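Since every read-out is calculated from the coordinates, none of them should be taken as a lab result. This one's a predicted model, so the numbers in the text were calculated from it and none came from an experiment. In this analysis, Cβ positions are derived from the backbone assuming ideal geometry, glycine residues included, and neighbour counts consider all displayed protein chains.
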Ligand SMILES: Nc1nc2c(ncn2[C@@H]2O[C@H](COP(=O)(O)OP(=O)(O)OP(=O)(O)O)[C@@H](O)[C@H]2O)c(=O)[nH]1
Ligand SMILES: [Mg+2]
């Protein structure tokens, strides 16, 4: 099978092109360093099967951050039939040198000048034919996002593939010609084939940045935007959530219960009280989570994240972090795992380790489900949003505290250079792809962790045979009693303790397992919990859930990214210890004050 590799600098539209050509849904974002690992997909081109490989962006072939290593490793170990070099047409003066470096590897190459739409708008003109002659390569202009010029580019690729032979890139290090020669050739090509106006006429970006990056207004605007975003998510998400809850209940009462009426009690118990209630309670949050990711994707895709990094850089530097760490914390609000992997763009190991230590403290969407559920059950409709907001603040505060404490051990001197991409509007297609991606992610986690988790909880709360379900005589009750000396002082009762243990695997299981432990779902579960817990216990439980290790996937990622068991053990111990101390201080103080 023939193989095409997509190469180029970060943020030039490689993944956008990859999605267009393969129909895949690789992550796209207006931020350098979105792709951090290789991703392949097969397509039929010119009647034969071809593998297309999307790669992280590289600045040059000598780069030494972990995502750049991925590219080098790939090139050193794989024969490729065609290297598609994707450049941003508006930045040819900076990017052409990479194309020349890659060409020296003696791979069959094709040059795609992407973002033709922006080039036109900003007044950049490129003579692709002339450039093609000078470089002795096919050169095509196109817009991967909007599709202009895609068809001719596709045909050119098919044509180039037809008589391609797989080539191993030549030894990269000794083959590279002196950089001066490349510099000279680049000057020459730029002079004859490219016209860049002295100032790019990007009015929109300039005007917006005057406000968004304003020295005083910038940060308040940023937090205002975030606040509105959350308001919008819940405003739109709540009716959808209620709708799903209603449908799930109707299906249960109308179909499941009658259907299983004659089955043995343990079968209907396991299926209905276990799996259906457990997974259903979690599934009701899917619309909110999808909306959440859609809005995050908009923030990411417009280029506003880079602005957030810029605005927060000074503050983060005091904690031993930098603007990128802040962006990763924000991405961690979605899911900690990709945020941890995103730190690969950092070249300093100390900075990476410090950032990876704080990311698991960001309140990810799975924890958000737990907090939405509990705060709605225990607190008044007026107080619930404030409770949620306070948890976000705690998330930040614990992250900053962690950084402050560990920054002396993990000192980095990596300079932080931030590239400000122009503002871009996400397309509907990109948003739909992203939403679908999250639904699939949920289904994947549901089938892997949530079903297994709730089944286990059901078994633990219903056995040994003959005891009253959910009572202290069950296995779950015994585990709870065993944990009591540690968890009593922070106000976490036996039922909640079981939920916490399973939350270690995945936070979605926490509410799933509460549904199973109490044998109820939706509104009934909320009411029951409101009756059996007071707000101090509930808040202490939420604090603990927020701070202790997010999930198994996060731990596995910490291990694979840091490659150090000691580091992972330290991160685990720290988060568990911190969770206990924070909950303890809160719980005991609140009780001492008479609440
Ligand atoms: N205007 C315009 N924007 C584009 C075009 N192609 C991609 N983009 C946008 O450019 C940004 C970067 O796109 P990606 O596909 O994530 O870039 P990438 O090269 O994969 O980036 P890394 O994975 O970080 O190396 C996104 O906001 C895209 O929507 C295009 O042809 N025109
Ligand atoms: Mg990419």
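For segment 2-195, what is the relative contact order in percent, using Cα pairs closer than 8 Å and at least 6 residues apart in sequence? Please report the intermediate quantities before stating the final value.
Values: 366 pairs, mean separation 45.0, N = 194.
It comes to 23 percent, rounded to a whole number.
If packing is taken as the average number of other Cβ atoms within 10 Å across a peptide's residues, how do 86-98, 181-193 rank, most packed first? Walk me through the numbers before you get to the answer.
Numbers: 86-98: 21.2, 181-193: 14.9.
Highest-to-lowest ranking by the protection proxy: 86-98, 181-193.
Which parts of segment 69-87 would a label at residue 414 reach, counting a residue when its backbone N lies under 15 Å from a point 7 Å out along Cα-to-Cβ?
Under 15 Å, as judged by backbone N against the label point of residue 414, lie 69-70 of segment 69-87.
At 7 Å along the Cα-to-beta-carbon direction for both residue 247 and residue 151, put a label point, then send me their distance in nm to one decimal.
Going from the residue 247 label point to the residue 151 one covers 3.9 nm.
Can you bin segment 2-195 into rounded, prolate or oblate? Criterion: square roots of the alpha carbon gyration tensor eigenvalues sorted a ≥ b ≥ c, rounded for a/c under 1.5, prolate for a/b above b/c, oblate for the rest.
Details: a/c = 1.26, a/b = 1.07, b/c = 1.18.
It is rounded, given that a/c, with a ≥ b ≥ c, falls under 1.5.
Go through 46-52, 196-202 and give me the packing order, highest mean Cβ count within 10 Å leading.
Working: 46-52: 14.9, 196-202: 12.6.
Highest to lowest by the protection proxy: 46-52, 196-202.
Starting from the Cα gyration tensor of segment 309-450, take the square roots of the eigenvalues, sort them a ≥ b ≥ c, and report rounded, prolate or oblate (rounded when a/c is under 1.5, otherwise prolate if a/b is larger than b/c, else oblate). Let's see the in-between values first.
Working: a/c = 1.79, a/b = 1.30, b/c = 1.38.
It comes out oblate by the Cα gyration axes.
Taking the Cα atoms only, what angle lies between the long axis of helix 535-547 and the longest principal axis of the chain, rounded to 10 degrees?
30 degrees
Computed FRET efficiency, Cβ-Cβ of residue 120 and residue 532, R0 56 Å: what is it to the nearest 0.05?
Details: r = 64 Å, r/R0 = 1.15.
Calculated value: 0.30.
Cut-off 20 Å, label point 7 angstrom out along Cα-to-Cβ of residue 488: give me the residues of segment 556-588 whose amide nitrogen falls inside.
Output list for this probe position: 580-588.
Nearest 5 is fine: what % of DSSP beta bridges in the chain come out antiparallel, could you say? Intermediate results must be reported in sequence, preceding the final value.
On the way: 10 of 28 bridges.
About 35 percent, rounded to the nearest 5.
What spacing in nm lies between the two simple spin-label points modelled at residue 236 and residue 187, each 7 Å away from Cα in the Cβ direction?
Roughly 5.2 nm, to one decimal.
So what is the relative contact order for the chain, in percent, with contacts set as C-alpha pairs under 8 Å and at least six apart? Mind dumping the intermediate values first?
Working: 915 pairs, mean separation 75.3, N = 595.
Result for the chain is 13 percent.
Angle, helix 286-302 long axis vs. longest principal axis of the chain, Cα atoms, 0 to 90°, nearest 10?
Value to nearest ten degrees: 30.
Run the simple label-point estimate for residue 93 and residue 158 please: 7 Å along Cα→C-beta, distance reported in nm.
3.8 nm
Test of understanding: ordering 574, 475, 458, 246 by Cβ neighbours within 10 Å, fewest first, what list do you get? Present the calculation step by step, with values, prior to reporting the outcome.
Details: 574 18, 475 15, 458 25, 246 12.
Fewest-to-most ranking of 574, 475, 458, 246: 246, 475, 574, 458.
Can you bin every Cα-Cα distance in segment 210-367 into 5 Å intervals starting at zero and give me the percent of pairs per bin, rounded to whole numbers?
Going from the shortest bin to the longest, the percentages are 2, 8, 13, 16, 13, 12, 9, 7, 7, 5, 4, 3, 1, 0.
Using a Förster distance of 41 Å, how high is the FRET efficiency between residue 347 and residue 199, based on the Cβ-Cβ distance and rounded to 0.05? Kindly include the intermediate steps, with their values, before the conclusion.
On the way: r = 31 Å, r/R0 = 0.76.
E(calc), rounded to 0.05, equals 0.85.
Taking the beta-carbon count within 10 Å as an exposure proxy, list 103, 207 from fewest neighbours to most.
Working: 103 19, 207 11.
In order of increasing Cβ crowding within 10 Å: 207, 103.
Kirkwood hydrodynamic radius, computed over distinct alpha-carbon pairs, for the chain: how many Å, to one decimal? Working shown, then result.
On the way: mean 1/r = 0.0380 Å⁻¹.
So the Kirkwood estimate lands at 26.3 Å.
So, by mean Cβ neighbours within 10 angstrom, what's the order for 250-262, 476-488 with the highest one leading? List each step's numbers first, then the result.
Numbers: 250-262: 11.5, 476-488: 15.9.
Result, highest mean first: 476-488, 250-262.
Rounded, prolate or oblate: which fits segment 311-366, taking a ≥ b ≥ c as square roots of the Cα gyration tensor eigenvalues, rounded meaning a/c under 1.5, else prolate when a/b beats b/c? Each step should come with its number before you reach the end.
Values: a/c = 1.96, a/b = 1.35, b/c = 1.45.
Judged from the Cα gyration tensor, segment 311-366 comes out oblate (a/c at least 1.5, b/c at or above a/b).
Taking every Cα atom in segment 546-595, find the radius of gyration and the maximum pairwise distance Dmax, and write them in Å.
Cα-based Rg and Dmax for segment 546-595 come out at 14.6, 47 Å.
Fewest Cβ neighbours within 10 Å first, please rank 244, 374, 233, 80 accordingly. Mind showing how you got there, number by number?
On the way: 244 17, 374 27, 233 21, 80 24.
Listing 244, 374, 233, 80 from fewest to most nearby Cβ atoms yields 244, 233, 80, 374.
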